Structure formats: C-alpha cells, structure tokens
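In what follows, a structure is listed as structure tokens, so that the remarks can point back to it.
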Amino acid sequence: MCGIIGYVGARQATPILIGGLRKLEYRGYDSAGVSVSSSGASKVVRCRGKLAALEEKLLKEPAPGTTGIGHTRWATHGRPSDENSHPHKVGPISVIHNGIIENHRALRNELAAAGAKFSSETDTEIFAHLVERALVGSADLAAAVRKSLARVRGSFAFVVMSDKEPGTLVAAKNSSPLVVGLGDGENFVASDVTAILSETRKVIFVDEGEMVVVKASGVVVTDFEGKVHPREPKIITWSAVQAEKGGFKHYMLKEIHEQPRAVADTLVGRIDLEHDDVLFDGIDLDVTKIKRIIFIACGTSYHASMVGEFLVEALARIPVEVDLASEFRYRDPILGPGDLVVAVSQSGETLDTMEAIREAKKQGAKVLAISNVVEASIPRLADYAFYTHAGPEIGVASTKAFTTQLVAMALFAIYLGRRTNKLSKERARDLLAELVALPTKMREIVESGAQIQSLARRYGSAIGFLFLGRGSQYPIALEGALKLKEISYIHAEGYAAGEMKHGPIALIDENLPVVVLAPRGPYYEKVVSNLAEVRARQGKVLAVATRGDQDIGSNADDVILIPDTALELQPILTVLPLQMLSYYVADFKGTDIDQPRNLAKSVTVE
C-alpha cells in the first residue's frame, strides 16, 4: 500500500524523491518523509499529511545530498502521526518499509529488554534497531541487513541507508513489490515502476527472497544468504505521459474514457477470426485435465471473477467456484491436480491473493494469473499468466482494469469452450465478433455523460443506494455499489434482484434510490417485476436498459440506455453507467475521487 523511492547518484536526491512519491500518491497514504545523506550524515524530514505538507516542511528544513530514500505511509502499526511516519532513523541507520513484521511484538520486547529506546509505535523502527545492532559486528551494511532479515517474519519491502556507508542503499523483498531502476551513473529503487519511469525505463523486478545492493556504479542482486542472482534488466514500453491526466478533472474520469482503447488493446492478437478461436500465446493449458476451476480474488477483481463463473460454466461447462482470496487459505480448501486456480489481481501484488496461490500450489493445483501489471509478483508466482492491457491505472477505484478483466474472462471462457467442444464454431464466431464491436459501443456510453451527470445531481444527496441485478448482472450490482461507496462515501448495497424480497425490501421508501440492471435477456421480465415492487413502495428507480426497450420507461423514474450486445458480454457495457454515476455523485459531493480516504491501490498487507 505504501510508496517507496530511493536514489543514488550525482544529482540532488530530494527533488527526485519527491517527484517519485508524487507518482505513487495514487496508492493511498496518510504521511510522508525523506532521509537524505550528505558527507556521511543523513537528515530525516517527515510529517503527517499529504506531500504538499512535506514539501512545505522541506522549504524550512532543507535536506541536501545525493543519496536518499523517501516514503508515503498508509497506517498499519500505529496511528498516522509525525512520529510514526517513515523513514525511521536509529543511530546511523535509516529505514523505510512496506508490509508488516508479524513477530514485531516479540522483537520489540527483546530489544527493549536490551536497552533499545523506541520513538514510534511502528514495526518498522524495530528493523532499524536490528540493523543498527547487527552493523556493530558486520563487515558492511549488506551483511547487517542480511543478518537482520533472518530475525523477521512477514511481508515486507525494506530499503536501508547507513551514514557509515555513504552512497549505498540496501533493499530486500518478501511478498511486497520492489523494482530497481538503472540509470547512467545513478540508480533507483521503488515500490512501483511508475515512480521512476520519468527517470529510466530500464528496470530489474526484484523477486521473492531477494536483496539488492544499489550504488551509483551499479547494482548487485543476491538472495538473503548472499548468493548472487545474475539478472538481465527489462525495458518498460509505456511512457510516463500515459499516466498523466490528459486534460480530465480526475484520473478516474480519464480512465473511464480510456476503457474502449483498453479493451481493444486487450483483444489485440488474441482473436483468431479465421478459426473462430482465441489465442493464448505462452499459455499451454491441458484443458482435458481440468476438472474444476477456482477463481480467487479480492474487491473489484472478485466481482470480475463472479462474472467469470457465469461465462466459464455457460460456454465451457466446467464447474467453477469463486473464493475471496482473503478467506481462501483459512478455510482449509480441498485442492488437487485436477483443479485450475485462476488468481485475479489488477496490481499483481495483492498479498491475500499471493498467499492463496501458495496454498493452491502446495496442494498440487495449477495456477493461472490474470493481471494488468507485467512482471508483478502474482504472475511470476503462477504457472501461467494472462495480461490485460489497460495501461497504468492511477485512480484507486478501478475502472478500466475491471472491464479488461471482464474481457479476459470472456476470452478465457471461449478458449475453454472451444477445447471442451461445448462451444460451437458458430457461437464462438458470434461472440468474437461482438467482442470486436465492444470498444465502439463502450465509446458511445462514456461519451454521453451529460445525462448521468444530471442524474448524479438529482440523486447525489441520498444517504444510501440499493443496486439490483440478476444472473451475471448481480456481480455488476455489487461492483456499482462498491464504486459508489469507495469514492462518494455513501452507503450502498448490491443485491441479487431475486433476494430483494428476502430483506432489503424493508429499506425501500421515497428516499432510497434503487439502481436496477435490466438489459434485454432471459431475466428481463423477472427484473421488471422487481421494479414494480420497488415503485409500489415509493422507491425511486434508476434503470440501466437496452436501447430500443419500449417498456422500461413506464417501470422506472429514470432510464439509462446502452447498446445491445451478446448476453454473455452485457456486463462489460452495463458497468460503465455505474462507474460514471459513482464518479459524478462523488464530484457533486466534492470528495477526493482519485485518493479516497482509507483506501490504497495495491493492498500488500493481510
């Protein structure tokens, strides 16, 4: 969740650190700080609040020097405060850290008994104490860090700097993202490639259990025991410009409008119209051995996985289960060689999902990852990886990463259906043609925001919303409710429409807007019956329906019409008005849309 940036070179470090942290703001944070070394003495400047507060403090307390580390913190151990902000300094050692040290209490008690004095409530400061003590009997900083790593358990990405070894950073990773950037006479380390993309496109993604010594002259990658791991750098192909707002008021609005392009990019090279099939380059699944598919995911990716369940069972007739990754390994799941686990994560770094993958592999299941970030931890941990091509998504509330996940689900289901012979060539041809047509239909929706903006003003003062959908629209109802609560802070619930009479109907009155997904299809008449039940209780109905529907207007107070498409692909279109409604309601309320309170883009703690 937190952001990490480090620099070693000839330039002044502070502007580079602040610039990198600015690129990481989307991850969510509540405090920020830097530690910069000059002539063997480091200075720490940190404070609670946004980067603007840190920059103002740096004007009064400059931190010159050509080596430094910076951090944005999302509170886990200890409340947001100046004292709990990173970096933490103990003697000559400065440390920044993402993740959680699970045995922090035992280590704190041990260190306190040995005379250590703590100035914060954080688990991170414990590691600074460990390194400081290990440095006394160690040959260098790398050896001291290696010795300290042997004492801690948990998920972490550490970056350590020592006044006794100027011009050196030591970083280590376990279940938390870390990347090294290679420059000319300077090098970088960060938690996300976005932070260093304006400085270099040549990077090394740090693997699990690896440590990196970073100097201006070069970097050395080893395991925690000191064995060198030779690594070839990779070149990042997308530019920093792609992560800018491009004239939109918020990143989220920009990313909503980018969805037609993102879907088109995800389809490129994967549709074989000549053979009515899907191409999965580099993924050699033996479909005949798959007896069951288990999707594991969290949040928005979980909703995409629920749509995937409908698609795979309908088109390939393979049994599917969908599990919350955060619960998966704690329920002692039964897995085996006939199971394919599909791990879905936008960032590719979701710790709950990573731990679920480890449990699945331990029990002999194969794992396919669906991720938007190339070389992230989850696709590297999986047996197979399918990448969506949404591009960088800065807004915390996911939009284009979600719709490209839905496209990935459709491609996956068609791929399986063709190989199980449950999907005919003719039906596959129709679905693939509809997939190709989707970007144009999506563009029609996202470019007609004036109506939704007007509806947002009308409904934006409500204190609660109810979202209803049937079949594959039920996960979209959940997603619509999640988006609204994430960025507007209005309480919202998503329900299967048939369940409305089993409880939620008690909430309905003239003050509760009910958003109903009612596209043309086999559930249409049932959904219209649900609308009638709502209106009979004076509820306000906003319906999302198929263009050309002549009847829906008499059953709803307001209607948003979308283009027609294949039943299986409707969720990709119906979610767009819900994203836009959430955005415009939040904009009407004046909330922090791109960085909603308490949320982070990449969840790297359990």
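Derivation of every value follows stated rules applied to the coordinates shown; laboratory data play no part. Computed from a predicted model, the values in this text were never measured in an experiment. Here the Cβ is made from the backbone with ideal geometry for all residues, glycine too, and neighbour counts use every protein chain on show.
List of remarks:
- Normalised contact order of the chain, rounded percent, pairs of Cα under 8 Å and 6 or more residues apart: 12
- Rounded if a/c under 1.5, otherwise prolate or oblate - region 244-444, Cα gyration tensor axes: oblate
- At an R0 of 25 angstrom, the distance between the Cβ atoms of R547 and E499 translates into a FRET efficiency of 0.35.
- In degrees, nearest ten, helix 570-589 long axis to first principal axis of the chain (Cα): 60
- Estimated from the Cβ-Cβ distance and a Förster radius of 41 angstrom, the FRET efficiency linking K117 and S461 is about 0.20.
- Cα-Cα pairs of the chain separated by more than 34 Å (percent): 45
- Peptide packing: for 263-274, 225-236, 177-188, 349-360, the average count of neighbouring Cβ atoms within 10 Å per residue gives the ranking 349-360, 177-188, 263-274, 225-236, highest mean first.
- Distance from the C-alpha centroid of region 253-273 to that of region 71-110: 41 Å, rounded to the whole angstrom.
- Approximating the spin labels as points 7 Å out from Cα along Cα→Cβ, the N421-to-L273 distance works out to 2.9 nm.
- Overall form of region 258-306 per C-alpha gyration tensor (a/c, 1.5; a/b vs b/c): oblate
- Angle between the chain longest axis and helix 524-535 axis [Cα atoms, degrees, rounded to 10]: 80
- Ascending count of other beta-carbon atoms within 10 Å, so fewest first, for T122, T72, T14: T14, T122, T72
- Cα centroid separation, region 172-220 to region 484-540 (Å): 49
- DSSP beta bridges in the chain [antiparallel fraction, %, rounded to 5]: 65
- The alpha carbon radius of gyration of region 15-101, expressed as a multiple of 2.2 N^0.38 Å, is 1.00.
- Ranked list, fewest to most other Cβ atoms within 10 Å of each Cβ, for C47, C2, C298: C47, C298, C2
- 222 nm mean residue ellipticity, helices alone, for the chain (DSSP H n ≥ 4; -39,500 (n - 2.57); rounded to 500): -11000 deg cm²/dmol
- Ordering 364-375, 316-327 by mean Cβ neighbour count within 10 Å, with the highest value first, yields 364-375, 316-327.
- The ratio of the alpha-carbon radius of gyration of region 3-239 to the globular-protein estimate 2.2 N^0.38 Å is 0.92.
- Angle of helix 351-362 to the longest C-alpha principal axis of the chain, folded into 0 to 90 degrees and rounded to 10: 90°.
- Shape of region 67-130, Cα gyration tensor, a/c cut at 1.5: oblate
- 17 Å reach of a label modelled at R380, 7 Å along Cα-to-Cβ, counting backbone N of region 66-98: 98
- Phi-derived couplings, Karplus 6.51 cos²θ - 1.76 cosθ + 1.60 at θ = phi - 60°, listed residue by residue for region 546-558: 7, 4, x, 5, 8, 9, 5, x, 7, 10, 9, 7, 9 Hz, with x used for Gly and Pro.
- Computed magnitude of the charge dipole of region 3-239 (debye, nearest 20; Cβ of K, R +1, Cβ of D, E -1): 180
- Annotation: the residues D284, D557, sorted from fewest to most other C-beta atoms within 10 Å of their own C-beta, follow the order D284, D557.
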